[in-house]
Amino acid sequence: MKLHNEHVFVTGGAAGIGAAIVLDAVQQGAKVSFCDINVPAGKAYAAELTSQGFTVFFHQADVGEFESLKVAHEAIVKEFGPVTCLVNNAGISSNADPVEMTDDEWNNFFNVDLKSVWHTAKLVLPAMRSAKKGAIVNIASIHARMTHPKFFPYAAGKSGVIGLTRNLALDEGIHQIRTNAVSPGYTLTPLLEEWLAQRPENRTGAMAVQPMDRMAKTSEIAKVVTFLLSDDASFVNGADWIVDGGLSCRFA
Ligand SMILES: NC(=O)c1ccc[n+]([C@@H]2O[C@H](COP(=O)([O-])OP(=O)(O)OC[C@H]3O[C@@H](n4cnc5c(N)ncnc54)[C@H](O)[C@@H]3O)[C@@H](O)[C@H]2O)c1
């Protein structure tokens, strides 16, 4: 029960890594609110967890739009009180050619994958500062350090998430608010499955380099996130925890 008495807010909690974080956080005793653009999936997941006796609340939001996040934030605070732990998980992928990509595509992508991380912080930090306590985990990616051809917006966005994490750690540490990043490697989620299905060589190439001969289960990322949110990680601040089964140790 590492997160007893905490209000954990997870963005993009209806599927994939976010859903696993929601589950692990409720199992650790937290009240968990989550948002998603997929409203039917969010409602169904909240109903499923509620029927199992967990304290959970879903509100729709598009993290790419500040007004949408603000409405969701007001609703979750009304339900469970101020957010004490924030997980910025919602994200989309972007494969693009630097010549072909349009400004709109760039802006839409960065609104979701990077600007939202600032916007959620903007909403939850006032209460965390007053409480002199808080924890934020931002889901980045190993793409912040190494990447694939055509992934340039994604690699740039996730590098930005780590930069933002470092600064929040420096700026908010004085208020006893810790901010860390988690950088997953290949993790079996709908997002990854979509990419693996695009071309057979995506799957064969990805499997060929896995030191543990497998990809991560979403629960294996979630466990690290809830640890970083908890007081067990009380002096971990500004870190980027790589959870990739050893993939980034590989040379060439
Ligand atoms: N799966 C991987 O291998 C992997 C690896 C490294 C990093 N990541 C990162 O982990 C995070 C979660 O990825 P995933 O694989 O679970 O993705 P996913 O697509 O399987 O699930 C993402 C969830 O976020 C929601 N979402 C998407 N856009 C949203 C928006 N604008 N507002 C609110 N909700 C939104 C989706 O509806 C979905 O429920 C992302 O930030 C991703 O970049 C994933």
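Run down the lysines and flag those whose C-alpha is under 25 Å from the C-alpha of Lys78, throwing out any fewer than 8 positions away in its chain.
Answer for Lys78, where 25 Å is the Cα cut-off: Lys2, Lys31, Lys43, Lys70, Lys115, Lys122, Lys132, Lys133, listed by chain and number.
Which residues in segment 92-120 have a backbone N closer than 12 Å to a point placed 7 Å from the Cα of His148 along the Cα-to-Cβ line?
Under cut-off, by backbone N: 93-96.
Rank Ala131, Thr218, Gly53 by how far each Cα sits towards the positive end of the charge dipole of the chain (+1 on Lys, Arg Cβ; -1 on Asp, Glu Cβ) and give me just the farthest.
Working it through, the farthest residue towards the positive pole turns out to be Ala131.
Please compute the modelled spin-label separation between Lys133 and Gln198, points set 7 Å along Cα→Cβ, answer in nm with one decimal.
4.4
Expressed as a whole number of Å, what is the distance separating the alpha-carbon centroids of segment 25-65 and segment 195-211?
Rounded to whole Å, the Cα centres lie 31 Å apart.
Provide Rg over Rh for the chain; use the alpha carbon set for both Rg and the Kirkwood Rh (inverse mean inverse pair distance).
The Rg/Rh ratio comes out at 0.95.
Whole angstrom only: what separates the Cα centroid of segment 126-164 from the Cα centroid of segment 227-252?
Each part reduced to its Cα centre gives a spacing of 13 Å.
Across segment 165-252, what fraction of all alpha-carbon pairs, as a whole percent, falls in each successive 10 Å bin from zero upward?
Using 10 Å bins, I get a P(r) of 15, 38, 27, 16, 3 for segment 165-252.
Under a straight-distance cross-link criterion of Cα-Cα below 17 Å, which aspartates and glutamates are reachable from Lys158, leaving out those fewer than 8 residues away in the same chain?
Glu105, Asp113, Asp240, Asp244
FYI, it's all coordinate maths here, none of it is from the lab. Quantities reported herein were computed from a predicted structural model and do not represent experimental measurements. In this analysis, Cβ positions are derived from the backbone assuming ideal geometry, glycine residues included, and neighbour counts consider all displayed protein chains.
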